[in-house]
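Below you'll find the structure, written out as structure tokens, and then a few comments.
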Amino acid sequence: MATVIDGKQVAASVIEAIKASSDAFKKETGDKIGLAVVIVGEDPASHAYVTSKGKMAKECGFNSIQHTLPEDTTQQDLLSLVATLNNDASIHGILVQLPLPKHFDSDAIIQSILPQKDVDGLHIVNAGKLATGDLETGLISCTPAGSMLLVRRIHGDDLSGLNALVIGRSNLFGKPMAQLLLNANATVTMAHSRSRDLPALARQADILVAAVGRPEMVKADWVKDGATVIDVGINRVPAPEKGEGKNKLVGDVAFAECEPKAGAITPVPGGVGPMTIAMLMANTVITAYRCAGKVAPKF
Ligand code: GUN
């Protein structure tokens, strides 16, 4: 039987530390930590995410600002808003919710955020710092940072001698996750839709990270005995057993069959998900401390 990693509980402990840092910042500087979240269009899932980010920011004692822009906002209008936020000293962190409507050049928008305010860790300066092993002065993308925190809770800070497999190669998750594991001395393989014999690669992994967006793709016979399995997938699938037209959330890992083989495993929901928001708050604290010339806390 695996240890089921309780992401909610770990996230709550991170949030407690963030609240303490946020209070200390206010006492020492007289200012609140400021986070601006920008959302364009009507996508209900994105709105739900942004609402939870705003709520959590308030709970952490931040000045939480949300900019909600209509679907037909132009690239230039959004660039202008980012420029205004870049120049606003009361805003320490800026997040533009993705995906943006199709007519935007999303990369140009993300790259226009000042790297020191890029709490998503998506600016090439932050991606480059992570790639070159500078974990001290950059900002790390929230979902990989949260997943890595869970891996550290199981294995400690040094992953020497352990094989890690990351399935998925996105800029938002797969690439930074692989870099974090490598920085911690794991032997890292990255796999993706064009890889040959994924199950065989997975069976080598002491740490198996799945981020592909395919419901329950990872099966029990992919999992090495005692492996740590981190499931980053959030897939909504029909759940007729709950009633007609009902849905449920499942990960990229077939949890029920993999759990008996794993040493530790994250559930969906309640695993990596809650960590993402916690690490966004952590990155916002870090940006504020650095901006004030103070040593940023570590989470
Ligand atoms: N949409 C889904 N996940 C994310 C994220 O981590 N950051 C941003 N900006 N948008 C997202």
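The values are calculated or read from the model by the stated rules, or taken from the named source; none is laboratory data. No experiment lies behind these values; they were computed from the predicted model shown. Virtual Cβ from ideal backbone geometry, glycine too; neighbours counted across all protein chains shown. Accessible surface is based on the protein model in full, side chains and every heavy atom, while ligands, DNA and RNA are left aside. Shrake-Rupley method; radii C 1.70, N 1.55, O 1.52, S 1.80 Å.
Ignoring everything but the protein chains, give the 1.4 Å probe accessible area of H155 in square angstrom, nearest 10.
60 Å²
Return the equivalent ellipsoid semi-axes of the chain as a descending list in whole Å, where each equals the square root of 5 times an eigenvalue of the C-alpha gyration tensor.
Its equivalent ellipsoid spans semi-axes of 32, 22, 19 Å.
Name the residue from H92, V188, S80 whose Cα lies farthest towards the positive end of the charge dipole of the chain, charges +1 on Cβ of Lys and Arg and -1 on Cβ of Asp and Glu.
In the chain, that residue is V188.
Could you tell me the accessible area of D134 in Å² (1.4 Å probe, neighbours in place), rounded to the nearest ten?
Answer for D134: close to 50 Å² accessible.
Using a 1.4 Å probe, what is the accessible area per residue for region 106-174, in Å²?
40 Å²
May I ask you to derive the FRET efficiency for E42 and L114 from their Cβ-Cβ distance with R0 = 25 Å, giving the value to the nearest 0.05?
Calculated transfer efficiency: 0.35.
Taking Rh as the Kirkwood radius, which is the inverse of the mean 1/r over Cα pairs, what is the Rg/Rh value for region 181-258?
Over the Cα atoms of region 181-258, Rg/Rh equals 1.04.
If I stretch the segment between A220 and N63 completely, what's the gain in nm (0.36 nm per residue apart, minus their alpha carbon distance), one decimal?
Computed gain between A220 and N63 is 52.0 nm.
How big is the charge dipole of the chain about its Cα centre, in debye rounded to the nearest 20, if each Lys and Arg gets +1 on its Cβ and each Asp and Glu gets -1 on its Cβ?
340 debye
With a point put 7 Å past each Cα toward its Cβ, work out how far K248 is from A89 in nm, to one decimal.
Label-label distance for K248 and A89, simple model: 5.4 nm.
From the residues S170, I277, A220, which one has its Cα farthest along the dipole of the chain in the positive direction, the dipole being from +1 and -1 charges on Cβ of Lys/Arg and Asp/Glu about the Cα centre?
Farthest towards the positive end: A220.
Considering only C-alpha atoms, what is the centroid distance from region 17-80 to region 139-170, in Å?
26 Å
Hey, if we sort C291, C60 by accessible area with the 1.4 Å probe, largest down, what's the order?
C291, C60
Over region 153-257, what relative contact order in percent results from Cα pairs under 8 Å that are six or more residues apart?
Across region 153-257, relative contact order equals 24 percent.
Which shape class applies to region 173-213: rounded if a/c is under 1.5, otherwise prolate when a/b exceeds b/c and oblate if not, where a ≥ b ≥ c are the square roots of the Cα gyration tensor eigenvalues?
It comes out oblate by the Cα gyration axes.
For region 6-78, what does the alpha-carbon gyration tensor say about shape, rounded, prolate or oblate, given a ≥ b ≥ c as the root eigenvalues, a/c under 1.5 as rounded, and a/b over b/c as prolate?
In terms of gyration-tensor shape, oblate.
Put K248, K58 in order of accessible area, largest first, 1.4 Å probe: what do you get?
The most accessible residue leads, giving K58, K248.
Taking only the alpha-carbon positions of region 14-124 and ignoring solvent, what does the Debye formula give for the base-10 log of I(q)/I(0) at q = 0.18 Å⁻¹?
Result of the Debye calculation: -0.91.
If you place +1 on the Cβ of every Lys and Arg and -1 on the Cβ of every Asp and Glu, how big does the dipole about the Cα centre of region 155-299 come out, in debye to the nearest 20?
Result for region 155-299 is approximately 540 debye, rounded to the nearest 20.
Write down the percent of antiparallel bridges among all DSSP beta bridges whose residues are both part of the chain, to the nearest 5.
Bridges in the chain are about 10 percent antiparallel.
Once the whole set of protein chains is in place, how much accessible area is left on T137, using a 1.4 Å probe, in Å² to the nearest 10?
T137 exposes around 70 Å² with every protein chain in place.
Assuming R0 = 41 Å, what is the FRET efficiency of M1 and D107, from their Cβ-Cβ distance, to the nearest 0.05?
Once the sixth-power term is evaluated, E becomes 0.40.
If you roll a 1.4 angstrom probe over the protein chains with everything in place, what fraction of the accessible area of the chain belongs to carbon and sulfur, to the nearest %?
That fraction is 53 percent.
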